[in-house]
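Quick note: the coordinates plus some simple rules give every number you see, no bench work behind them. Remember, predicted model here, so these are calculated numbers, not experimental data. Ideal geometry is used to build each Cβ from the backbone, glycine not excepted, and the neighbour counts take in all protein chains shown.
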Amino acid sequence: DSGVTQTPKHLITATGQRVTLRCSPRSGDLSVYWYQQSLDQGLQFLIQYYNGEERAKGNILERFSAQQFPDLHSELNLSSLELGDSALYFCASSPPGPGEQFFGPGTRLTVL
Amino acid sequence: SQELEQSPQSLIVQEGKNLTINCTSSKTLYGLYWYKQKYGEGLIFLMMLQKGGEEKSHEKITAKLDEKKQQSSLHITASQPSHAGIYLCGARTNSNSGYALNFGKGTSLLVTP
């Protein structure tokens with residue numbers, strides 16, 4: 001158990017809908033990262049927050065957005081969903097610096 | 001194009017045999033990370049390498065970093081069924097992008113009895 005929690009574990013929805021994925025980092029970790037894993041693209045970095053502020057952006061679509069709240073939990077919002085958004089979405093957290101990133105168990109999103 | 005290339009894509013080895021997985025970056029490395037993933041599950045951290053020539057070991061797994069070649073290798077000695085899974089290398093290739101990681105597509109390892 002990495003100490004990072006993600007909810008829900010599974011999510012099935014329809015095209016055009018909007019969903020919210022939630023992540024609680026390890027106690028004391030200020031950084032939260034979101035990654036998307038799909039069969040064709042592999043594991044791709046989406047966005048990073050550090051202590052409530054956006055720190056880095058990767059291959060995140062404009063239909064996706066994220067935020068980190070004062071209690072450091074983070075949410076990833078996915079809107080106008082398309083079939084191609086079906087993937088495993090991981091959250092990771094880390095203490096300050098270039099150390100280990102601790103990954104959560106992931107949320108499996110299926111868009112029908 | 002993929003910044004991190006892993007080889008081989010998949011590997012089947014007999015229990016007890018040694019194996020090596022390679023990870024090559026097309027960009028300068030600012031840190032190289034190895035993770036293991038069971039299918040559909042979260043990533044488990046194995047090792048982090050930061051300096052050229054650095055070598056780390058954990059149980060029967062050894063990782064090395066060749067900074068000049070922008071390459072890392074993961075070596076498993078005397079493989080066991082518990083080593084089966086997907087091995088992913090991740091790297092920081094941009095010193096200005098926080099500490100986000102780019103990942104290779106993974107190497108799927110199966111260990112047969």
**Q.** Residues B:Glu41 and B:Asn18, FRET efficiency given R0 of 35 Å [Cβ-Cβ distance, rounded to 0.05]
**A.** 0.85
Q) Quick one: how many lysine pairs in the stretch B:30-80 have C-alpha atoms under 19 angstrom apart, if they're 8 or more apart or on different chains? A) 10
Q. Are there trypsin sites (Lys or Arg not before Pro) in the stretch B:20-113 that DSSP marks as loop and that have at most 14 other Cβ atoms within 10 Å, and which are they?
A. B:Lys27, B:Lys38, B:Lys51, B:Lys60, B:Lys68, B:Lys69
**Q.** Virtual spin-label span in nm between B:Lys69 and B:Ser82, 7 Å along Cα→Cβ
**A.** 3.0
Q) Among B:Thr24, B:Thr77, B:Thr93, which one moves the most in a GNM of chain B with springs linking Cα atoms closer than 10 Å? A) B:Thr77
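To the nearest 0.05, how large is the calculated FRET efficiency for A:Arg22 and B:Tyr30 if R₀ is 25 Å and r is the Cβ-Cβ distance?
With a Förster radius of 25 Å, E is 0.25.
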Q: Once you've got the GNM for chain B with C-alpha springs shorter than 10 Å, pick whichever of B:Glu15, B:Glu59, B:Glu67 has the biggest mean-square fluctuation.
A: B:Glu59
